[in-house]
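To start, the structure under review is shown below, and the notes come after it.
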Amino acid sequence: MTKHALLNDLNVQQKEAVLHNSGPLLVLAGAGSGKTRVITHRFAYLNTAHKVPNASILAMTFTNKAAEEMRERIESLTNKCSKDLWVGTFHSLSARILRKEIKHLGFRKDFCIYDNDDSGNIVRSILKEFKVHEALYKGILSKISSLKASLIDPAELLANEDSYGFDEKFARVYVRYQDELKKNNALDFDDLIMYCVKLFEKHPAVLGKYQDAFLHIMIDEFQDTNHSQYRLAKLLASKNKNICAVGDDDQSIYKFRGAEVKNIHTFKKEFLKVKIIKLEQNYRSTRNILNIAGSVIAQNSARVPKKLWTERGDGEKVFYCIAGNELEEARYIARLIKELYLKGKYSNKDIAILYRVNQQSRAMEEALRENGQPYRIFGGISFYQRKEIKDIISYIKVIANPDDSVSLKRIVNCPPRQIGVATVTRVENESRKREESLYSTMKHILKSNSYTTALKDKISGFVNVIDELISHREDALPELIKLVCKRTGYLNWIGEEKAEQIAELISFAEGKDINSFIDISSLYSCMDESQAEDAVSLMTLHNAKGLEFPVVFIAGFEDGLVPHFHAINDLEELAEERRLFYVGVTRAQDMLILTGAKKRRLYTSVQEQQPSRFLSEIPAACYHCIEKRPRAAATSASTARMPAAIMSKSPFTTGARVKHPKWGIGVVRDSYGETDDVKVMVNFPSVGIKRLSLKFANLEKI
């Protein structure tokens, strides 16, 4: 694409941001204002018009999904499929740098990356060794993560223990945790950025190398950066000052993860002569939706003023529905979703139900199941968190880095090899004495005469298998995974259904080297899952960030939920709850429905609920208020539905494509009625929704 074509279809402010090519730039991008378009077009314009090489532009964001979308758009705009693109998440790009430079910090470049489960296993082992009751230290990993996000390592914690408010036992656990990671040649998620910062601070020559390499730096979702991420970006940009930060202080909702909204305000002070551009034209939502979002967020005083506007028109008024309890609320939502679906305008995947706490999903799931409506929980267990996938990846991690004792413990008796807890504990005790990894200790035991034949017999088979697999480390990755399955008998152990997941993993491994595969699998999260299937999406308000849907329900619009009860008496926390509500509202494109209940079971008791205090901040002209009363059981639409067992035998199930002799091809929206007089509702693009009797309609399944 030519440099002139890159400026087409950009509004004035977007174009101004794309054309800015020197010095610091802060783009305050309101919800739905096209910030990804600005970042990708700016990248392409620097490359095309200013001849900045792709490898000289560093673009950082927060999710793999966002990074992949950014990469695809850049490749499309530049007509280049480049492997040297530095586009990714803060963590993946830090890992990429550390793979090249971590020797300066005393690690080998074949380090492994531990997820929360792996880290939790280490912490539990340490607490057990220290004879500390695990329940007393609930959330210990979260505390360690918070310290690392603030760039506080064990040495600094010990030197300033009183200042940080942690006791001696916690400090000992933190020290030991880092020692165990080092012994295993492993880093956890937070280490990736903390060590990258330490690398640059302790080794100026290495920093200079990357400052010269990255002539331009762009950061997406800047409001979500924590202290360590901001420090990393500042170090890299301190020489050339060509840094573009794109964010929205109104969408800062991750304080609990360490995100600091003040970074936006700090940026304006620390980078002198910064150019500030506001993106206020919204391309996503209708005017009524934006008015609700804007009127609530305007109550937050410590923000950069922005007023979103749209050319989409007023759209439908927002609905606010009050139900008697959470079950009635859920049934109302399910019923309305079904009506929208049957009208043919929206598919299930066009609809999302958002809520403040995970507990709310139970009633929603029950109501959707009663109506036979497909749904998916967004942000649940990801592909890489499935047991069978984690098992195989653990084998690959041990092949790449035999010192990875956490992964080795996971697979040592998987499939079962009669290596029980007592044997593992024995080897662990020896490894502590020798201050080496479990694998090295096992090798030592097999060579030494100081150990029993019984112990050697138990571990020799496993060590032989691992030795053989390590000898094939340079094989193509798909073949290596197949060899793991063959030599361990894993597929026979897990059965045919789960074996299909391994086949998918093998397919994904095509063309990847072992370290990049490990990094991707370690850094992938449930937030990166696709939404391909036609199902209603259920998720928390926090998980909705970055997504959009034609129809959005926000359930539990009550004080204690929205806003959450912990924030009601804290002005700063209340401001974050407003931002969270603002994010939820601005996910909606066409329709927004707010729902609440007069009574709700929360945790262990039924409570009287009051409407959200945010309701008083919404202009009355923007919404309709309705109160739903429970419908009698006899009038339930579900009583007319054909039994599932009968429907499963019918070719005309919901979603089936059919052909009518007069109206052509259509899609079945619903089936109901008696077994001898089944009726279907079909959406024909030519004529819309038609209700037909299968006895007379002459429908053909295609």
Task: Signed unit charges on C-beta, dipole axis of the stretch 384-535, positive-most listed residue Y439, A454, L480 - done: A454
Task: Per DSSP, loop GluC sites (Glu not before Pro) in the stretch 306-375 with at most 12 further Cβ within 10 Å - done: E311
TODO: Taking amide H positions as placed in the peptide plane 1.01 Å from N, state which residues far from A29 in sequence (5 or more) or on other chains have amide H under 5 Å from it.
DONE: G247, D248, L279
Open item on the list: Rg over Rh of the stretch 306-465, using C-alpha atoms and the Kirkwood radius, what does it come to?
Closed with: 1.31
TODO: Starting from the Kirkwood radius over alpha-carbon pairs of the stretch 378-495, derive D by Stokes-Einstein at 37 °C in a medium of 0.692 mPa s and give it in µm² s⁻¹.
DONE: 218 µm²/s
TODO: With a 1.4 Å probe and every protein chain kept in, tell me what percent of the accessible surface of the stretch 369-494 is carbon plus sulfur.
DONE: 48 percent
- [ ] With a/c under 1.5 counting as rounded, go ahead and sort the stretch 449-501 into rounded, prolate or oblate using the C-alpha gyration tensor (a ≥ b ≥ c being the square roots of the eigenvalues; past the cut-off, prolate if a/b is larger than b/c, else oblate).
- [x] oblate
Task: 5 Å-binned pair-distance histogram of the stretch 126-271 (Cα, whole percent) - done: 2, 9, 16, 18, 19, 14, 11, 7, 3, 1, 0
- [ ] For D467 and K433, calculate 0.36 nm times their separation in residues minus their Cα-Cα distance, and state this gained length in nm to one decimal.
- [x] 9.9 nm
Task: For the stretch 409-422, 3J(HN,Hα) per residue [Karplus equation, 6.51 cos²θ - 1.76 cosθ + 1.60, θ = phi - 60°, Hz, x = Gly/Pro] - done: 4, 5, 9, 4, 10, 9, x, x, 10, 6, 9, x, 4, 4
Open item on the list: Given all pairs of different Cα atoms, what value in angstroms does the Kirkwood hydrodynamic radius of the chain take?
Closed with: 28.5 Å
- [ ] May I ask for the angle, rounded to the nearest 10°, between helix 361-370 and the longest principal axis of the chain, with both axes built from Cα atoms and the value confined to 0 to 90°?
- [x] 50 degrees
TODO: Please get the size of the charge dipole for the chain, origin at its Cα centre, with Cβ charges of +1 on Lys and Arg and -1 on Asp and Glu, quoted in debye to the nearest 20.
DONE: 800 debye
Task: MRE, 222 nm, helices only [DSSP H, n ≥ 4, -39500 (n - 2.57), over the chain, to nearest 500] - done: -13500 deg cm²/dmol
TODO: Return one quarter of the surface area of the convex hull spanned by the alpha-carbon atoms of the stretch 192-232, equal to its mean projected area, in nm².
DONE: 3.1 nm²
Task: HN-Hα J in Hz across the stretch 255-272 - Karplus 6.51, -1.76, 1.60, θ = phi - 60°, x for Gly and Pro - done: 4, 5, 9, x, 4, 10, 4, 5, 4, 5, 6, 5, 4, 5, 8, 7, 9, 5
Open item on the list: Output the 0 to 90 degree angle, nearest 10, between the alpha-carbon long axis of helix 140-149 and the longest principal axis computed from the alpha carbons of the chain.
Closed with: 90 degrees
TODO: Treating the angle as unsigned and between 0 and 90°, give the value, to the nearest 10°, between the Cα long axis of helix 514-523 and the longest Cα principal axis of the chain.
DONE: 50 degrees
Task: Accessible surface, per residue, of the chain when the full set of protein chains is kept, probe 1.4 Å, Å² - done: 45 Å²
Open item on the list: At a 10 angstrom cut-off on C-beta neighbours, averaged per residue, how do the peptides 408-418, 568-578, 344-354 rank from highest to lowest?
Closed with: 344-354, 408-418, 568-578
Open item on the list: Can you give me the % of accessible surface on the stretch 104-239 that is carbon or sulfur? Probe 1.4 Å, all protein chains present, nothing else counted.
Closed with: 51 percent
- [ ] Could you rank the peptides 270-279, 515-524 by their average count of other C-beta atoms within 10 Å per residue, with the highest value first?
- [x] 515-524, 270-279
Task: Cβ-placed point charges (K, R +1; D, E -1), dipole of the stretch 6-133 about Cα centre in debye, nearest 20 - done: 300 debye
Task: Values of log10 I(q)/I(0), in the order q = 0.10, 0.11, 0.15, 0.20 Å⁻¹, for the stretch 204-359 under a Debye, Cα-only, solvent-free model - done: -0.58, -0.67, -0.99, -1.32
TODO: Whole number please: convex hull volume per residue, Cα atoms of the stretch 43-165, in Å³.
DONE: 165 Å³
- [ ] Kindly work out what percent of the DSSP beta bridges joining two residues of the chain are antiparallel, to the nearest 5.
- [x] 35 percent
- [ ] Answer with one residue from L547, T654, T310: the one whose Cα lies farthest towards the positive end of the charge dipole of the chain, charges on Cβ with Lys, Arg +1 and Asp, Glu -1.
- [x] T310
Task: For the stretch 262-326: rounded, prolate or oblate by the Cα gyration tensor [a/c cutoff 1.5] - done: oblate
- [ ] For the stretch 7-77, go through all pairs of different Cα atoms, get the mean of 1/r, take its inverse, and jot down that Kirkwood value in Å.
- [x] 12.7 Å
Open item on the list: I need the peptides 36-43, 121-128, 317-324 ranked by packing, meaning the mean over residues of other C-beta atoms within 10 angstrom, with the highest value on top.
Closed with: 36-43, 317-324, 121-128
Task: Distant-in-sequence amide H partners of I665 (H built 1.01 Å from N, under 5 Å) - done: H660
- [ ] Would you work out which of L85, V173, P154 lies farthest towards the positive end of the dipole of the stretch 65-174? Charges go on Cβ: Lys and Arg +1, Asp and Glu -1.
- [x] L85
Open item on the list: If you build the convex hull over the alpha carbons only and average its shadow over all orientations, what do you get for the stretch 531-610? Give it in nm² to one decimal.
Closed with: 6.3 nm²
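The values are calculated or read from the model by the stated rules, or taken from the named source; none is laboratory data. This one's a predicted model, so the numbers in the text were calculated from it and none came from an experiment. As a convention, Cβ positions derive from the backbone with ideal geometry for all residues, glycine included, and neighbour counts pool all protein chains shown. Remember, those area values only see protein heavy atoms, side chains included, never the ligands or the DNA or RNA. Shrake-Rupley method; radii C 1.70, N 1.55, O 1.52, S 1.80 Å.
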